[in-house]
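The values are calculated or read from the model by the stated rules, or taken from the named source; none is laboratory data. Because the structure is a prediction, the values reported are computed rather than measured. Quick reminder, even Gly has a Cβ in these numbers, built from the backbone with ideal geometry, and neighbours come from all protein chains shown. Areas reflect the complete protein model, heavy atoms only, side chains present, ligands, DNA and RNA absent. Shrake-Rupley method; radii C 1.70, N 1.55, O 1.52, S 1.80 Å.
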Amino acid sequence: MTAMIRQIHTARARRRASGIVAAALGALLLASCDDLDVQNINAPTADNLTGAPSRAILARTAVGVQTEADNDLGTEIESFGIYGRELYNLLGNDPRETGEQIRGPQDPGGRAGAAWTGKYGAIRTINTYLTALGNASGLTEQEVRASAGFAKTLKAWHLHRLAVRSGPTGLPIDVDRPITAEPAPLVSANEAMAAASALLDEALADLQAGGSEFPFTFVPGYTGFTTPSTFAQFNRALAAKVLVHRATFGSCTECWAQAATAIAASFVTTADLPNSLATGVYYGFTGAPGEANNPVTEALTSNHYWVHPSVVTGAQLRPDGTKDLRLTTKTAPAPASRTLNELTGTHKPVLFNSATNPAAPDLGADIPWLINEELLLLRAEIRWNTANKAGAIADLNLVRQHAGGLAPTTLTAASPDAAFVTELLYNRLYSLMWTQGTRWVDARRYGRLGTLPIDRAGDVVHPNMLIPASECDARDLPVPCSL
């Protein structure tokens, strides 16, 4: 991340003369602290990790790697959701939510620059941790391999998230460089996703050589996936998702067969439905003071988050005439509707609210990262594209019936690809709503941005969460423009 910032600052240094003053002040402040030696007794320092880190220090760092897994998650859910008309923010304290994010033009210093730095911060922590493993004392070779497999898996996922977010403008991935080195070059999103796939495969080899236990504990959210062998199943689930994105974003035809192999080695299952739909890994929260809370839970009376009206009206009907269970269990009518800048919300999300009081938020509610319900939909997508259309329809029906309470799909093996995609994206929206901004991402993957609703004359659906670098230069915009 530091290398990336240096690259952008160097390219447009003429616009940042004021930064010299800030740098000078920073140097003075650092100089004034030369004689201070204050030990950080609560967390490992860089010096601890680059020396000969002990088992305990590495264990604490591994927990830190886990807690940074949800960096930018709240921003991602909100921003992707607004771009894809999955949700609205109608609080009214920031005009960007009803302006640039759904109308434009995008401001390079506004919401178009979100969901970037947190992921690179997490990658920096992982890079430091991986370096430290090479100097570790008190770990067996198996424990080093297991730890490396765990860290590489999370690093690969951050790279993939960045690629999805950044689109065709690209991103730096070779960021493990000293401050004196040349800045990391930008690579395409396709190259970044390919690098994530390769890193996930490398991580799998480490996990398979990692023995039976990790030398650290896990934070909430990983239940059932806390040994090298079970975490390897999560690794393969992530690998399958990355490969499906490479196939659809980047036209990687060979990725479909690779995805089929990966998902077969994951934790996907048809046993114990509907209970097993929720099996998987979550972004875990506790609601405890001083710890990160669920970033999108709120009271039913709040004016902040609202379900986009098209999600409410677009839900299919069950055989008894009621709407898709995934809508009725995850949303609820608000006590009063709200209209702001010609945008109206009538329903609120309640999927992360208190189980005992659905009108109240639950700060400790976990957010699905990758669960069996999504894996079944991914496998349906993979099967349709690997000449197993009957299997694809079977997987879709499992989700429709067990998660949505719907009748089986009317698709057949003779249905056109476009009809399958329509059915697939419907189920992905209602199964994954408010967890990853899937409506916008999927519309981009399948060239369907034009099908997303436009609520006001003059509104647009942005194809990317950024401004192309060429436009930055043409408009002489300040950095960070393409972030």
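Scanning segment 71-91 turns up at least one residue that is in contact with a strand residue (DSSP E or B) (Cβ under 8 Å, 6 or more places away or on another chain), over 23 Å from residue 158 (Cβ atoms), not in a loop (DSSP other than H, G, I, E, B) and not aromatic (Phe, Trp, Tyr). Looking for something in contact with a Leu (Cβ under 7 Å, 6 or more places away or on another chain), surrounded by 15 or more Cβ atoms within 10 Å (Cβ to Cβ) and hydroxyl-bearing (Ser, Thr, Tyr) - is there at least one such residue anywhere in segment 318-331? Scanning segment 318-331, I find no residue that is in contact with a Leu (Cβ under 7 Å, 6 or more places away or on another chain), surrounded by 15 or more Cβ atoms within 10 Å (Cβ to Cβ) and hydroxyl-bearing (Ser, Thr, Tyr), so the answer is no.
In this entry, residue 382 passes the filter for residues that are hydrophobic (A, V, I, L, M, F, W, C) and within 22 Å of residue 415 (Cα to Cα). Looking across segment 432-483 at every residue that is among the aliphatic types (A, V, I, L, M) and out of contact with any helix residue (DSSP H, G or I) (no Cβ under 8 Å at 6 or more places or on another chain), the one that is modelled with the lowest pLDDT is identified as 474. Looking only at segment 239-259, residues that are open to solvent by 40 Å² or more (accessible area, probe 1.4 Å) and either on the phi > 0 side of the Ramachandran plot or assigned to a helix (DSSP H, G or I) (or both) come to 6 in all.
The lone criterion from (1) surrounded by fewer than 20 Cβ atoms within 10 Å (Cβ to Cβ); (2) β-branched (Val, Ile, Thr); (3) in a loop (DSSP other than H, G, I, E, B) left unmet by residue 435 is number (1).
Within segment 217-238, the residues that satisfy the criterion of being part of a helix (DSSP H, G or I), open to solvent by less than 30 Å² (accessible area, probe 1.4 Å) and either touching a Pro at 6+ places or on another chain (Cβ under 8 Å) or not charged (D, E, K, R) (or both) are 228, 231, 232, 234, 235, 237, 238.
Taking the numbered list (1) under 30 Å from residue 456 (Cβ atoms); (2) assigned to a strand (DSSP E or B); (3) touching a Ser or Thr at 6+ places or on another chain (Cβ under 8 Å) in turn, residue 368 passes all entries but (1). Among the criteria (1) among the hydrophobic types (A, V, I, L, M, F, W, C); (2) modelled with pLDDT of 95 or more; (3) open to solvent by less than 50 Å² (accessible area, probe 1.4 Å), the one residue 288 does not fulfil is (2). The set of residues in segment 104-137 being surrounded by fewer than 18 Cβ atoms within 10 Å (Cβ to Cβ) and part of a loop (DSSP other than H, G, I, E, B) consists of 104, 105, 107, 109, 110, 134, 135, 137. Within segment 50-65, track down each residue that is open to solvent by 10 Å² or more (accessible area, probe 1.4 Å) and out of contact with any Gly (no Cβ under 7 Å at 6 or more places or on another chain). Answer for segment 50-65, where residues must be open to solvent by 10 Å² or more (accessible area, probe 1.4 Å) and out of contact with any Gly (no Cβ under 7 Å at 6 or more places or on another chain): 50, 51, 52, 56, 57, 59, 60, 61, 63, 64. With respect to the conditions (1) in contact with a Leu (Cβ under 8 Å, 6 or more places away or on another chain); (2) over 30 Å from residue 231 (Cβ atoms); (3) modelled with pLDDT of 95 or more; (4) open to solvent by 40 Å² or more (accessible area, probe 1.4 Å), residue 402 falls short on a single one, namely (2). The criterion of being buried (at least 16 other Cβ atoms within 10 Å of the Cβ), over 28 Å from residue 459 (Cα atoms) and not charged (D, E, K, R) does not hold for residue 90.
Looking only at segment 291-349, residues that are assigned to a loop (DSSP other than H, G, I, E, B) and farther than 27 Å from residue 409 by Cα come to 16 in all.
Close Cβ contacts (under 6 Å, 6 or more residues apart or on different chains) running from residues in segment 312-331 that are more than 16 Å from residue 348 (Cβ to Cβ) to residues that are among the small types (Gly, Ala, Ser) and assigned to a helix (DSSP H, G or I) comprise 324/404; 325/404.
Of all the numbered requirements in (1) open to solvent by 30 Å² or more (accessible area, probe 1.4 Å); (2) touching a helix residue (DSSP H, G or I) at 6+ places or on another chain (Cβ under 6 Å); (3) in contact (Cβ under 8 Å) with a residue 24 or more places away in the chain, residue 417 misses one, and that requirement is (2). Here 394, 407 are screened, and the one residue that is farther than 25 Å from residue 283 by Cβ, open to solvent by 20 Å² or more (accessible area, probe 1.4 Å) and not in a loop (DSSP other than H, G, I, E, B) is 394.
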